1. All but one of (1) crowded, with 22+ Cβ neighbours inside 10 Å; (2) closer than 18 Å to TYR459 by Cβ hold for CYS386; which doesn't?
2. Can you tell me which of GLY228, GLY200 is surrounded by 18 or more Cβ atoms within 10 Å (Cβ to Cβ), part of a loop (DSSP other than H, G, I, E, B) and not assigned by TED's automatic domain parsing to the domain that holds ALA440?
3. Yes or no: SER309 of a type in the set (S, T, N, Q) and surrounded by 18 or more Cβ atoms within 10 Å (Cβ to Cβ)?
4. Can you report the number of residues in region 460-476 which are within 19 Å of LYS363 (Cα to Cα) and surrounded by 15 or more Cβ atoms within 10 Å (Cβ to Cβ)?
5. Within the bounds of region 58-66, is there any residue that is at pLDDT 95 or above, part of a strand (DSSP E or B) and either out of contact with any Asp or Glu (no Cβ under 6 Å at 6 or more places or on another chain) or not hydrophobic (A, V, I, L, M, F, W, C) (or both)?
6. Can you name the strands (runs of 3 or more DSSP E) wholly within region 531-610 that have at least 3 residues being within 33 Å of the chain's Cα centre (by Cα) and modelled with pLDDT under 90?
7. With respect to the numbered conditions (1) at pLDDT 90 or above; (2) on the phi < 0 side of the Ramachandran plot, which one is the sole condition not fulfilled by GLY182?
8. Select, from SER276, SER289, SER318, the only residue that is of a type outside the set (Asp, Glu), more than 30 Å from LYS474 (Cα to Cα) and surrounded by 23 or more Cβ atoms within 10 Å (Cβ to Cβ).
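The values are calculated or read from the model by the stated rules, or taken from the named source; none is laboratory data. Small disclaimer: the values here were computed from a predicted structure and weren't measured. When we count neighbours, we look across all protein chains shown, and the Cβ atoms used for this are built from the backbone with ideal geometry, even at glycine.
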Amino acid sequence: MKGVSVLVLLLLVLLRLSNSLAQRQVYIVYVGEHSGEKTLREVEDLHHSYLHSVKGSIEEARASLVYSYKHIINGFSAFLTPDEATKLSEMEEVVSVFRSRPRRYGLQTTRSWDFVNLLEGESDGKGGLNHTNEEEELLQKANGGKNVIVGLLDTEEMEDFDEAWKLIGARYYLKGYEAYYGPLNEIEDYRSPRDKDGHGTHTASTVGGQTVANASALGGFAKGTASGGAPFVHLAIYKVCWAIPRRSKNEGNMCFDEDMLAAFDDAIADGVHVLSISIVPFDLAPYTSDGIAIGALHAVKRNIVVTCSGGNEGPTPSTVRNVAPWILTVGASSIDRVFSSPVVLGNGIQVQGQTVTPFKLEKMYPLVYAGDVEVPGTTANITGLCLNGTLSPELVEGKIVLCYSGYSYNVEKGVEVKRAGGAGFILQNPLSGIGISVEAHVLPATVVFSNDSATILNYIRNDTNPMATIVPVKTVVDNIVAPFMAPFSSTGPNGLDPSILKFLCNNGIKNVDKSFKCPDTLLTPTDLNYPSLAISELNGTMTVNRTVTNVGVGESVYNVTVQAPAGYWIEIFPTSLRFGAVGENRSFAITVKEESGALRDKVGQYAFGWYAWSDGVHIVRSPIAVSSA
């Protein structure tokens, strides 16, 4: 009987231990900023002491530590149970404790830099640039980014950069990844800073790739000089994203907060000047529970510019990520170049389309809608989509097929049309799409705007012998409708605060920087001195204040011009700002009022406008976004 009791007791102990291990997850404990008074060893010992206070022994505390952030960011990541995490969060000096969150990154350039007047000029043979165009002034002042260090958090590697000292450092971080997934499968990814995915190399070349003359895409499209934005920068690489085990490459890579914070801590200590991060979280979290927001805050405090992608989940509202106000959040837009390839219908109507497909049609072909030429059994929810195996070769042979977007990659739709014997295909842009994403296809093809596809379908339905051809592609620059946001680019407003702008103090976060005391009277978000003005849920009238600094010529007078958002009245006072010297400040007030009787589609919908100050030479323009309660 005694043996049975011992066995029961042992089973209970093992069960409790098993539950405890199952509950253990990686948490980040954020303590703010280092005072600079402790050595790196003393900092790590301090972090061990925090863990010792909730663990059974110093050995267990040391074994649970994943990272100790010792340089700039004060904090650590460790295996904790929810109870242990709660106990640490209750300590006065601890800013926040949050569970590690996996992140998946959201993934032109012979024309893009010309479009923003950042022209590269010619090499002077001495590591600099010669400039012959006044539009090259900005890049000339920066000398192509020479002596600037850009740090990139991504999948990384730059084997294609061969200029001496282009790549000046490379590190990798995967403790958080392995804590979540187990040991890295070295067939799926490299245990090194090398990039097996290609995303890191892509982002690095965009910012700092060398100039390559006579570059072009498949078929000779977009011929010109390919270049990064600052071709002479040095690159420091921090690989934080890794292949998802047993998943296809198309599903992206995974990145973890604790790995990114370690990379931020090292990058700041390494002395980078710019940090570029194309990583977005699945969802929004408070700034003190967001690894990128925390790392970026400490970087910006040291005059490091931090740029982050806003995400690729548009155009649904409030899908933008990396929204901390100290981050320069970047979306995707069009440029002034299109690859024009119109559809000409048998009735003479021409429908605008775009493509980079090198294959051409030389004559008219019969035109059909995919939903009319499918094999029996194709369900209603996928009809017209040209999915794999849905098209009937007997009905498609020798015809141009109109396909709708969705459910598969666009290139795969072209493969299906070709499999069925089609002569070419026309792809409808997504219903939500404003811009068009062009791709190379395996047969003659073009993409049309969603509303134009209705014109084509109407022609098919009402003509006894519908015919069409696709005009060979032609590159057109100086397109006047650019720029506008890409349909996939995530949009605002800020999901944490629709007014976008906020101090940490307003969020009740008061101990990130021990040397700074939050004021007793806090600013409202709209009064934060920011170039843009965003007012959410306006009820009646609101006045906000702004202060500007003269950075132009000494004596100057700037006059204001206002384009009010539709349905609102805006007054700026004073209407002129007079400066006597460089560095002088002047303030003005902006009053926003709802116009009586203004009609809006729905409450909370934003209207957009702008105001601009000009001295006749310089124009300083700021956007305005307003919604009503």
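1. Exception for CYS386: condition (2).
2. Values: GLY200 fails: part of a loop (DSSP other than H, G, I, E, B).
After ruling out the rest, the residue left standing is GLY228.
3. Yes: the conditions hold for SER309.
4. Qualifying residue count for the region: 9.
5. yes
6. 533-538
7. (2)
8. SER276
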